[in-house]
């Protein structure tokens, strides 16, 4: 309504009055909705006269009449306390940033382990293992992250796992990141000269030790910039999990928009936070790259 997109909305009386107290843009229309009696009820087990009597006594003593009016007025005063935008809504952005970083760390850390495993599977000489790795990577890279989030979120419920939205989002994030990390690691392994592995094998190292001690460390130096880019991408892609109610930065931004009647300013604050996170991470990665380059020199 504050942006001129709607002519009016239907909300409870207390909410409408609090909106009026916060902004002179709004006014309450004295309209009654047919069938919307506005009554509430407490559901009780059948044949429970003692419980019913106690509830009625509590309602008449603590709720009906003056008590509910007092609570309503106190709630409205709390809602319209005058604070600056940042004083009032900074905790939302802080909480959203914490969730965003947690999702990114889980996504990249577990995704790196999964990606390494998938890269090894794609290089395997056993065709079934190689096929599984190829199918997984191609399927994940060929479907949107949003669909993957929904698949994990609703799929876990179907199989009887009652997990939270955050856990579902984190699972979807590292499953998605693992496919991209697998291709990054595979390209890094292919960039290591074949002679390095042959030299290690000629010295008596097994194929596993050759990969672990010789090839993989050299590949990690090569793929560090690409892994950094993946981390940055995961931070930004974490906004997708807001669709399942995870309180990350984008979700908290929508909450602030609804509470403050400001559509634009929360977006600018969120964009700045994302920029600080990604730019800071990029600078840290540049320091790591320079360190590796000095060691190589």
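Based on this model, can you work out whether residue 255 counts as within 18 Å of the chain's Cα centre (by Cα) and either more than 15 Å from residue 104 (Cα to Cα) or modelled with pLDDT of 90 or more (or both)? Answer is yes for this residue.
Residue by residue, here is whether (1) farther than 27 Å from residue 100 by Cα; (2) modelled with pLDDT of 90 or more; (3) part of a helix (DSSP H, G or I); (4) within 14 Å of the chain's Cα centre (by Cα) holds:
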{"position": "187", "(1), (2), (3), (4)": "yes, no, yes, no"}
{"position": "201", "(1), (2), (3), (4)": "yes, no, yes, no"}
{"position": "210", "(1), (2), (3), (4)": "yes, no, yes, no"}
{"position": "224", "(1), (2), (3), (4)": "no, no, yes, no"}
{"position": "236", "(1), (2), (3), (4)": "no, yes, yes, yes"}
{"position": "241", "(1), (2), (3), (4)": "no, yes, yes, yes"}
{"position": "251", "(1), (2), (3), (4)": "no, yes, yes, yes"}
{"position": "268", "(1), (2), (3), (4)": "no, yes, yes, no"}
{"position": "272", "(1), (2), (3), (4)": "no, yes, yes, no"}
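Residues in segment 23-80 that are part of a loop (DSSP other than H, G, I, E, B), loosely packed, with under 10 Cβ neighbours inside 10 Å, at pLDDT below 70 and under 36 Å from the mean Cα position of the chain (by Cα): 40 only. The set of residues in segment 122-132 being under 21 Å from residue 191 (Cβ atoms) and without any contact (Cβ under 8 Å) to a residue 60 or more places away in the chain consists of 124, 125, 130. Here the condition is being modelled with pLDDT of 90 or more, over 28 Å from residue 256 (Cα atoms), surrounded by fewer than 15 Cβ atoms within 10 Å (Cβ to Cβ) and out of contact with any strand residue (DSSP E or B) (no Cβ under 9 Å at 6 or more places or on another chain); of 111, 155, 133, 160, it holds for 155 alone.
Cβ-Cβ distances below 6 Å connect the following pairs, each with a first residue in segment 198-222 that is within 18 Å of residue 115 (Cα to Cα), a second residue that is surrounded by fewer than 16 Cβ atoms within 10 Å (Cβ to Cβ), and a separation of six or more residues or different chains: 221/292; 222/191. Yes or no: residue 181 assigned to a helix (DSSP H, G or I), farther than 30 Å from residue 152 by Cβ and at pLDDT 80 or above? No.
The values are calculated or read from the model by the stated rules, or taken from the named source; none is laboratory data. As the structure is a prediction and not an experimental result, all values here were calculated from the model. Neighbour counts are summed over all protein chains in view; Cβ atoms, including those assigned to glycine, are modelled from backbone coordinates with ideal geometry.
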